[in-house]
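Novice: Let me give you the structure first, and then I'll get to my questions.
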Amino acid sequence: MSEYTEAKRMEAAALLSSGWYARYLWVFAAGQLVLVPMSQLWHGAAQAVAFAVVNVLLVGGLSGYAARQRVVRRGFGVKHGLVIGVWSVVFAATVVLGGGVFRDDLVFTLVAAVACALPPVVGAVTERRVA
């Protein structure tokens, strides 16, 4: 089998199996709807522990799930980096603004939770179109 044929076969397998990443992103997005309100509306040591535990469960579970996947499609690293990079900027802005200007503001918290969920949702929707 030629290298070109083998590469095409591997790319086809990656595309067929790439739905896992969309599922990963949907779970990550749903996690934002829990974690952002926890980070903005709860205060004190109990909040810090609860936030850390939920975050470790989410990230650990998603990391374990991702590690078990056999293939990734071409461009995966760039896409994942972009999704997580945009999410990081939005989450950092949420923490800074929510801790200062909008402390304990329920409307800000709800908008921020949706804003933090948006990058992985967009990634999941576009991943479905690719696969």
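Novice: Return yes when Phe76 is closer than 13 Å to Leu25 by Cβ and aromatic (Phe, Trp, Tyr) and no when it is not.
Specialist: On the way: closer than 13 Å to Leu25 by Cβ: yes; aromatic (Phe, Trp, Tyr): yes.
Here the answer is yes, as Phe76 does meet what is asked.
Novice: Any residue in the range 26-53 that's under 15 Å from Asp105 (Cα atoms) and in contact (Cβ under 8 Å) with a residue 40 or more places away in the chain: show its pairings with residues that are open to solvent by 30 Å² or more (accessible area, probe 1.4 Å) and part of a helix (DSSP H, G or I) at Cβ separation under 7 Å, as long as the two are six or more apart or on different chains.
Specialist: Ser39/Phe51; Ser39/Val95
Novice: List the number of the failed condition for Cys116; all other conditions in (1) in contact (Cβ under 8 Å) with a residue 60 or more places away in the chain; (2) over 11 Å from the mean Cα position of the chain (by Cα) hold.
Specialist: Of everything listed in (1) in contact (Cβ under 8 Å) with a residue 60 or more places away in the chain; (2) over 11 Å from the mean Cα position of the chain (by Cα), Cys116 misses just condition (2).
Novice: Which members of the range 120-131 meet the condition of being open to solvent by less than 60 Å² (accessible area, probe 1.4 Å) and of a type in the set (Val, Ile, Thr)? Before you say what the answer is, go through the steps one by one.
Specialist: At the first step, the residues of the range 120-131 found to be open to solvent by less than 60 Å² (accessible area, probe 1.4 Å) are 120-121, 123-124, 126-127.
Correct list: Val121, Thr126.
Novice: A further question on this structure: Could you check, for the range 54-62, whether at least one of its residues is free of Cβ contacts under 8 Å to residues at least 60 places away in the same chain and under 18 Å from Gly19 (Cβ atoms)? Show your work before the answer.
Specialist: The first filter runs over the range 54-62 and keeps only residues free of Cβ contacts under 8 Å to residues at least 60 places away in the same chain, leaving 54-62.
Pick out the ones that are also under 18 Å from Gly19 (Cβ atoms) and you get 61-62.
The answer is yes, given that some residue of the range 54-62 is free of Cβ contacts under 8 Å to residues at least 60 places away in the same chain and under 18 Å from Gly19 (Cβ atoms).
The values are calculated or read from the model by the stated rules, or taken from the named source; none is laboratory data. Remember, predicted model here, so these are calculated numbers, not experimental data. FYI the Cβ positions are ideal-geometry reconstructions off the backbone, even for glycines, and counts take in every protein chain you see. Areas reflect the complete protein model, heavy atoms only, side chains present, ligands, DNA and RNA absent. Shrake-Rupley method; radii C 1.70, N 1.55, O 1.52, S 1.80 Å.
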